[in-house]
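K.L.:
Questions regarding the structure given below will be posed in turn.
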Amino acid sequence: MTRYVAFLRAVNVGGTGKLPMADLRKMFAELGFGDVKTYIASGNVAFNSDKSEEAIKSVLEERLAAYAGKPVAVFVRTAAEMRRILDDSPFAGKAPNFTFVVFLERKAPPDAVDNAVRLVEEEVRIGKREIYVHYPNGVSQSKLRIPAAEHGTARNINTVKKMVDMTSGQ
C-alpha cells in the first residue's frame with residue numbers, strides 16, 4: 001500500500017467547483033482508497049492505495065467529472081515524491097506563503113521560464129514535474145503568467161509541507 005497525495009485543480013476557488021471536503025473524503029472512500037484525509041477546502045487529499053498513479057488519476061477524474069458536470073484535473077504524487085518536491089525547493093529560505101509549487105502532468109518544457117510573461121521580480125525554476133515560483137511581493141501583486149503552468153495547479157509551500165506531514169505520519 002502506497003501513501004499518495006492528490007491535488008484537484010479549481011476546486012472551491014472563486015465560487016466555482018464547489019465540492020465539500022466531507023463529500024470528497026466519502027468519494028475517495030467509495031473508490032476504495034484508505035486513510036483518506038483532506039486539508040483545507042481546496043482539493044488537497046492524502047490517502048492510501050495499491051493502484052498506480054495513472055489508475056488513480058483516471059478513476060478520480062472520471063468520478064469528479066460525473067460529480068461536477070465538467071472535467072476536474074487531478075495531480076497525483078506519492079509521499080516520497082512530495083518529500084522530494086519539498087526538499088528540492090530552490091527557495092527554501094524564502095517566505096513559504098510567497099513560494100509556490102505548480103504541479104504538472106509532466107516535466108515543463110526547457111523554455112518554460114523564457115516563455116513566462118511579465119516576469120519582473122518573481123523567481124521561477126523548473127523541477128521534475130513541477131515549477132517552483134517565488135513571489136517576493138506576494139502572488140496577489142504579481143502579473144506573472146507562465147504558459148507552461150496553465151494546465152497545472154499551484155500550492156504554496158505551507159500546503160506542500162502540510163501534505164508531506166500528512167503522508168509521513170506526522
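The values are calculated or read from the model by the stated rules, or taken from the named source; none is laboratory data. Because the structure is predicted, anything quoted here is derived from the model rather than measured. Quick reminder, even Gly has a Cβ in these numbers, built from the backbone with ideal geometry, and neighbours come from all protein chains shown.
K.L.:
Test residue 113 against the stated conditions and say whether it is outside any loop (DSSP other than H, G, I, E, B), closer than 16 Å to residue 152 by Cβ and either in contact with a Lys or Arg (Cβ under 6 Å, 6 or more places away or on another chain) or at pLDDT 95 or above (or both).
P.N.:
When the stated conditions are applied, residue 113 does not pass them.
K.L.:
Another one. Does the range 57-80 hold any residues that are part of a helix (DSSP H, G or I) and in contact (Cβ under 8 Å) with a residue 60 or more places away in the chain, and which are they?
P.N.:
Answer for the range 57-80, where residues must be part of a helix (DSSP H, G or I) and in contact (Cβ under 8 Å) with a residue 60 or more places away in the chain: just 79.
K.L.:
If you go through the range 25-41 one residue at a time, do you hit one that is aliphatic (A, V, I, L, M), farther than 25 Å from residue 100 by Cα, surrounded by fewer than 13 Cβ atoms within 10 Å (Cβ to Cβ) and touching a residue at least 40 places away in the same chain (Cβ under 8 Å)?
P.N.:
Checked the range 25-41: no residue is aliphatic (A, V, I, L, M), farther than 25 Å from residue 100 by Cα, surrounded by fewer than 13 Cβ atoms within 10 Å (Cβ to Cβ) and touching a residue at least 40 places away in the same chain (Cβ under 8 Å).
K.L.:
Determine which single condition residue 32 fails, assuming it passes every other condition in (1) over 23 Å from residue 159 (Cα atoms); (2) assigned to a helix (DSSP H, G or I).
P.N.:
Unmet for residue 32, out of (1) over 23 Å from residue 159 (Cα atoms); (2) assigned to a helix (DSSP H, G or I): (2).
K.L.:
What about residue 130, is it at pLDDT 95 or above and over 13 Å from the mean Cα position of the chain (by Cα)?
P.N.:
no
K.L.:
Further question on the same structure: Taking the criterion of being surrounded by 16 or more Cβ atoms within 10 Å (Cβ to Cβ) and acidic (Asp, Glu), would at least one residue in the range 73-87 satisfy it?
P.N.:
Yes, the conditions are met somewhere in the range 73-87.
K.L.:
Something else: Return the pairs, sorted by first residue and then second, in which the second residue is in a strand (DSSP E or B) and of a type in the set (Phe, Trp, Tyr), the first residue lies in the range 93-122 and is touching a residue at least 60 places away in the same chain (Cβ under 8 Å), the beta carbons are less than 6 Å apart, and the residues are 6+ apart or on different chains.
P.N.:
Listed pairs, sorted by first residue: 103/7; 103/75.
K.L.:
Take the residues in the range 43-60 that are surrounded by fewer than 19 Cβ atoms within 10 Å (Cβ to Cβ) and not charged (D, E, K, R); name whichever of them is nearest to residue 157 (Cα to Cα).
P.N.:
48
K.L.:
Say whether the condition of being surrounded by fewer than 16 Cβ atoms within 10 Å (Cβ to Cβ), modelled with pLDDT of 95 or more and in contact with a helix residue (DSSP H, G or I) (Cβ under 9 Å, 6 or more places away or on another chain) is met by at least one residue in the range 1-10.
P.N.:
Yes - at least one qualifying residue is present in the range 1-10.
K.L.:
Follow-up question, since we're still on this one. Got a number for residues in the range 92-110 being surrounded by fewer than 19 Cβ atoms within 10 Å (Cβ to Cβ), part of a loop (DSSP other than H, G, I, E, B) and not acidic (Asp, Glu)?
P.N.:
So the answer is 8.
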